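The structure appears right after this line, and notes come after that.
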Amino acid sequence: MGAFVTGSAEAVIDAAIEENIVYARIVSLYVTNVQMLDIWDDYPPLSGEMAVGQSYEVVVVMTRGSASVVDAQSVAPPGGGHWQGMVVRPNWRAARGVYRHARPELFAHEWALIETPVGQMLMRPADLPAHADEGTRIRTPSARLDLYAIV
């Protein structure tokens, strides 16, 4: 695929453990444009087989942020507490059988597919501005990044 966020795993840290059961991890992914992303991997963690130093393509969901329309001519890298991107498809649905590991929630409904400087990410269509369509440039507050699949 090559379109989603791709990078080298720099750390896979157990974030929540109880009675020797890992309930969540934080995956630190060094992406191609010299940026580190911390990605939350909730229960059950998908990152159990991820090895530090190996390259991965991951499907990430931007959570907790509503987007607004931006008139910028270029898609700027994240900064100032915001992500900027362009709507690729406002109603995208994941295909089954494509991912090594995936959360069932990935297939439960449609997502907005957003092109960002670090690769394509997903967000809830309800978080898009009204009338956002393919090609609409958006800006969203920095949100938690959740791991939904490993390609």
Inset, instruction - Rank Ala16, Ala102, Ala67 by mean-square fluctuation in a GNM of the chain with C-alpha springs under 10 angstrom and give only the top-ranked residue. - result: Ala16
Legend entry - Long-range amide H partners of Met50 with built H, under 5 Å: none
Inset, instruction - Would you check the accessible area of Leu147, probe 1.4 Å, heavy atoms only, in square angstrom rounded to 10? - result: 0 Å²
Inset, instruction - State the dimensionless ratio Rg/Rh of the chain (Rg: radius of gyration of Cα atoms; Rh: Kirkwood radius). - result: 0.96
Legend entry - Of the GluC sites (Glu not before Pro) in region 5-64, those whose Cβ has at most 13 other Cβ within 10 Å and which sit in DSSP loop: Glu19
Legend entry - Protein accessible area in the chain, 1.4 Å probe - carbon and sulfur %: 48 percent
Inset, instruction - Work out the FRET efficiency for Tyr23 and Ala108 from their Cβ-Cβ distance, taking R0 = 22 Å, and round it to the nearest 0.05. - result: 0.55
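The values are calculated or read from the model by the stated rules, or taken from the named source; none is laboratory data. Only a predicted model underlies this, so the values are computations on that prediction, with no experimental measurement involved. Note that we place each Cβ from the backbone using ideal geometry, even for glycine, and neighbour counts take in every protein chain shown. Surface accessibility is based on the protein's heavy atoms, side chains included, excluding ligands, DNA and RNA. Shrake-Rupley method; radii C 1.70, N 1.55, O 1.52, S 1.80 Å.
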